[in-house]
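Undergrad: After the structure tokens below, expect a handful of questions from me.
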Amino acid sequence: MPEIKPECSQASGPQKIFSWPYHRYMSMYRHSLEDPESFWATEARKLNWAQQWEKVLEWQPPYARWFVGGKINASYQCLDRHVKTWRRSKVAIYWEGENGETRTLSYSTLFREVNQCADVLLKLGVKKGDIVALYLPMITELPVFMLACARIGAVHTVVFSGLSAQSLGDRVNDCKAKVVVTADGGYRRGKIFKLKQTADITVNSCPSVEKILVVKRTGEDVPMVEGRDYWYSDLIDEDVHYVAPEAFEATHPLYILYTSGTTGKPKGVVHSTGGYLVFNHSTFKWIFDIREDSVFWCTADIGWVTGHSYAVYGPLSHGAAIVLYEGSPDYPTIDRWWDIIEKYSVNIFYTSPTAIRMFMKYGEEYPARHNLSSLELLASVGEPISAEAWCWYYKHIGQEKCPIVDTWWQTETGGFMIAPSPGIEPMPLKPGSATLPLPGIDVAILDAEGNELGTNQKGYLVIKKPWPGMLMDIYGDSELYKKNYWSRFKGVYYPGDYAMRDEDGYFWLYGRADEVLKVAGHRIGTAEIESSVAELDEVTEAAVASRPDEVKGEAIVLFISLKTGYKPSDDLKKAIVGHIRKNIGPIAAPDEIYFVQSLPKTRSGKIMRRVLKAVASNQGLGDLSTIEDQESVTEVKKAYEALKGCTRD
């Protein structure tokens, strides 16, 4: 890994940090676009296939089927092929609980636990194609259940443990999950959150659920329904050491992961087995330059796609040693993360700009207390990283010796799309730029009419060719899949982000072009929040906007129109926040709430959220020619100036 020493103290925009030719990357990239089937076949042969594919790609726009006729097992890729080598005694997972508990699992131990888990699922009647919902904290049982599902062909859907009963229920009902796996509770900032209690509320309205498996984590006494609820530990057969992994079609679904959309209903993104594994195995190596002695830590919760791809399937398919941490980054002390890096001699650290900005507020004294010399590479995910945050990260965490890999991708892409690739070849870095597309990713920037733009022009990012990690479909809603991703621009995939390409061909991402907010790295649909608020008796209408936030990226601002007879009050604000927390989760709670008589709308009745966002962000209002009632804008501005809303606390 080359040493780099950027002058970050002056960083305020695009600038080169170091530069030399990068011929290997360019050669790979050209090959991947000129002969993509040959390129991806070569990458696929790095995995263990039970049956060779007949066709690399079957492309019937907008559907791609990769490695058609091939058979493979994800659990085998992450475990069996390692335990047949010296890696059986290598560390697979260093687990750190928020309360100080620790576990270290070798690949042989992880292999045994996954096989025992697969045996439990089979005994409960789970079979190929059944869907298992995993509602667990960040404990070792979460990747164990994921790999056990993959071993027997069950499809897992992981639900972030911070989501509410209603959000869990929406997802379980949509995919008709047969089994829900949860825990008696989990730890968060010193408190126990009651997952089993939430699951009980959910299952009462989920007719598809036949069984609830409960993992013991906190020792809380929880009610158990006879014939439906089972303690996981009671069903484990210690004599079971092996459940044969069945080879499944490359196009067999590996998992469904729900992501917020603009319709008010989370959409289930379906990923395949073969194409997804190939793409993640390749991109993990290209980006992180993993070695046999590397210790890798991705701080993302496994409930999000970053945790799926780069805390579980990517690193374990390479036989890497990973760190999993259960709790909050700044609890019980502000320097908890830096202590973990020092404790486990982490080499590669992957986190979000939100976390970086939070630690910037605390100051450099906290990382300075720890020996972070083991770090060799830093990475960023979730949203564009500012030059200021990039340079703080580089200087105070990387100690001016670690390249920073800024990655752009999304739940639907399955893996990295645009990022520096030191595992292929070191390349110049620019603070705030995701640099270049990875091999196989044919990227363009278009204007609103679909014309390709030149350098230094902002527009809509699109992907012109299929890639192995792409989503197969939206679960149960193929029309939504076509509409969301393929209808905006004919023949190309539209991820919904603004971007610009500079004179060096580097890409700069500017966030969502649609009505999805990114709060602390999490995507939250405005319609999902608005739908929840509209359930309240007092509310006539609600609209969500956002404003820039130094720590979270975007802060949620809620504008509400009340029914006749109801008056604004602090108590009502608290009730609204509480309702959102209960029905969606704390991450969706608004930072500010403003009451207005009417919301600015177009003549067709569409709420002009860009106007609300402009008001909340103190920006220019732009063209108001299509607005129905100019007075509504004046009222919104007055409400914002007169009040400062309520905070999430």
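The values are calculated or read from the model by the stated rules, or taken from the named source; none is laboratory data. Here the structure is a predicted model, which is why all the values come from computation and not from measurement. So basically every Cβ, Gly included, is an ideal-geometry build from the backbone, and we count neighbours across all protein chains shown.
Undergrad: Do we find that ILE302 is β-branched (Val, Ile, Thr), farther than 30 Å from VAL68 by Cβ, out of contact with any Gly (no Cβ under 7 Å at 6 or more places or on another chain) and assigned by TED's automatic domain parsing to the domain that holds ILE72 in this structure?
TA: Considered against the rule, which asks whether it is β-branched (Val, Ile, Thr), farther than 30 Å from VAL68 by Cβ, out of contact with any Gly (no Cβ under 7 Å at 6 or more places or on another chain) and assigned by TED's automatic domain parsing to the domain that holds ILE72, ILE302 comes out as no.
Undergrad: Find the strands (runs of 3 or more DSSP E) located wholly in region 431-519 whose residues include 2 or more that are of a type in the set (Val, Ile, Thr), and list them.
TA: 443-446, 459-463, 516-519
Undergrad: Something else about it: Quick check on my filter: what residues within region 48-105 are of a type outside the set (A, V, I, L, M, F, W, C), in a strand (DSSP E or B) and in contact (Cβ under 8 Å) with a residue 24 or more places away in the chain?
TA: Selection gives GLN51, TYR63, ARG65, LYS71, TYR94, GLU96, ARG103.
Undergrad: Please verify whether ASP623 is at pLDDT below 85, under 27 Å from ILE356 (Cα atoms) and either of a type in the set (Ser, Thr, Tyr) or outside any helix (DSSP H, G or I) (or both), treating the condition exactly as stated.
TA: no
Table: residues versus (1) at pLDDT 95 or above; (2) out of contact with any strand residue (DSSP E or B) (no Cβ under 6 Å at 6 or more places or on another chain).
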position	(1), (2)
GLU412	yes, no
GLY415	yes, yes
ILE418	yes, no
LEU429	no, yes
GLY432	no, yes
PRO437	yes, no
ASP442	yes, yes
ALA448	no, yes
GLN457	no, yes
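Undergrad: Okay, next question. When you scan region 239-257, do you find a residue that is surrounded by fewer than 24 Cβ atoms within 10 Å (Cβ to Cβ), at pLDDT 95 or above and closer than 18 Å to THR140 by Cα, even just one?
TA: Checked region 239-257: no residue is surrounded by fewer than 24 Cβ atoms within 10 Å (Cβ to Cβ), at pLDDT 95 or above and closer than 18 Å to THR140 by Cα.
Undergrad: Has region 427-443 got at least one residue that is free of Cβ contacts under 8 Å to residues at least 60 places away in the same chain, among the hydroxyl-bearing types (Ser, Thr, Tyr) and over 23 Å from ILE524 (Cβ atoms)?
TA: Among the residues of region 427-443, not one is free of Cβ contacts under 8 Å to residues at least 60 places away in the same chain, among the hydroxyl-bearing types (Ser, Thr, Tyr) and over 23 Å from ILE524 (Cβ atoms), which makes the answer no.
Undergrad: Considering region 386-428 alone, what residues qualify as being part of a loop (DSSP other than H, G, I, E, B) and aromatic (Phe, Trp, Tyr)?
TA: TRP409, PHE416
Undergrad: I would also like to ask the following. Which condition from (1) surrounded by fewer than 23 Cβ atoms within 10 Å (Cβ to Cβ); (2) modelled with pLDDT of 95 or more is the one that VAL312 breaks?
TA: Here VAL312 meets the rest and fails (1).
Undergrad: Pick out, from region 210-271, the strands (runs of 3 or more DSSP E) lying fully within it that include 2 or more residues that are touching a residue at least 60 places away in the same chain (Cβ under 8 Å) and in the same structural domain as GLY185 (by TED's automatic domain parsing).
TA: Ranges flagged: 211-215, 253-259.
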